[in-house]
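Undergrad: Structure incoming, see below.
The values are calculated or read from the model by the stated rules, or taken from the named source; none is laboratory data. Please read all numbers here as calculations on a predicted model, not as lab measurements. Quick reminder, even Gly has a Cβ in these numbers, built from the backbone with ideal geometry, and neighbours come from all protein chains shown.
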Amino acid sequence: MTAKIVLIVAAVMGALAVGLGAFGAHGLEATLTANGRLETYETAVKHQFYHSLALLLTGILMLNLNSDYFLWTAWSFIIGTLIFSGSLYILSLTNVTWLGAITPIGGLAFILGWIFLALGAAKAA
């Protein structure tokens, strides 16, 4: 994966976070409230947005610094978003509670991404 692709994915993830947040607040509010999952949905949106910004930073670093760790960082943030936020979105809409059991796998991917980011910065410095 190139820096250009990482930057494009970051932009798309960020746009989706804004769109999903707005849709959740307006179009899905009744469903989320009925399921008691409004806060869960908001957590999914927040983490998607935070990691969209982190992925954007990673893409910029990939343009300027040479470290394979940044590629691992990018994959970790993308996988983390898909699993963490994705499972919370589905949980919020369907109330299928076993999905909450896979959410921590996405959280682990996020943690690994931040560790890879630190390792990449240390290697490049």
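Table: residues versus (1) under 15 Å from MET1 (Cα atoms); (2) modelled with pLDDT under 95; (3) of a type outside the set (Ser, Thr, Tyr); (4) in contact with a strand residue (DSSP E or B) (Cβ under 7 Å, 6 or more places away or on another chain).
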position: TYR50; (1), (2), (3), (4): no, no, no, no
position: LEU55; (1), (2), (3), (4): yes, no, yes, no
position: GLY59; (1), (2), (3), (4): yes, no, yes, no
position: ASP68; (1), (2), (3), (4): yes, yes, yes, no
position: TRP75; (1), (2), (3), (4): yes, no, yes, no
position: ILE79; (1), (2), (3), (4): yes, no, yes, no
position: LEU82; (1), (2), (3), (4): no, no, yes, no
position: SER85; (1), (2), (3), (4): no, no, no, no
position: LEU91; (1), (2), (3), (4): no, yes, yes, no
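Undergrad: Go over the candidates SER67, SER52 one by one and state the one that is in contact (Cβ under 8 Å) with a residue 12 or more places away in the chain and farther than 23 Å from PRO104 by Cα.
TA: SER67
Undergrad: Only one of (1) modelled with pLDDT of 95 or more; (2) surrounded by fewer than 16 Cβ atoms within 10 Å (Cβ to Cβ); (3) closer than 22 Å to ILE8 by Cβ fails for LEU108. Which number is that?
TA: Unmet for LEU108, out of (1) modelled with pLDDT of 95 or more; (2) surrounded by fewer than 16 Cβ atoms within 10 Å (Cβ to Cβ); (3) closer than 22 Å to ILE8 by Cβ: (3).
Undergrad: Note down all Cβ pairs under 7 Å where the first residue falls in region 106-124 and is on the phi < 0 side of the Ramachandran plot and in contact (Cβ under 8 Å) with a residue 24 or more places away in the chain, the second is of a type in the set (Val, Ile, Thr) and surrounded by fewer than 21 Cβ atoms within 10 Å (Cβ to Cβ), and they're at least six residues apart or on different chains.
TA: Once the first residue is on the phi < 0 side of the Ramachandran plot and in contact (Cβ under 8 Å) with a residue 24 or more places away in the chain and sits in region 106-124, its partners that are of a type in the set (Val, Ile, Thr) and surrounded by fewer than 21 Cβ atoms within 10 Å (Cβ to Cβ) give GLY106/ILE83; ALA109/ILE79; ALA109/ILE83.
Undergrad: Hey, another quick one. Name the residues in region 101-125 that are out of contact with any Ser or Thr (no Cβ under 8 Å at 6 or more places or on another chain), of a type in the set (Gly, Ala, Ser) and either more than 14 Å from SER67 (Cα to Cα) or not in a helix (DSSP H, G or I) (or both), would you?
TA: Residues satisfying the conditions are ALA101, GLY107, ALA125.
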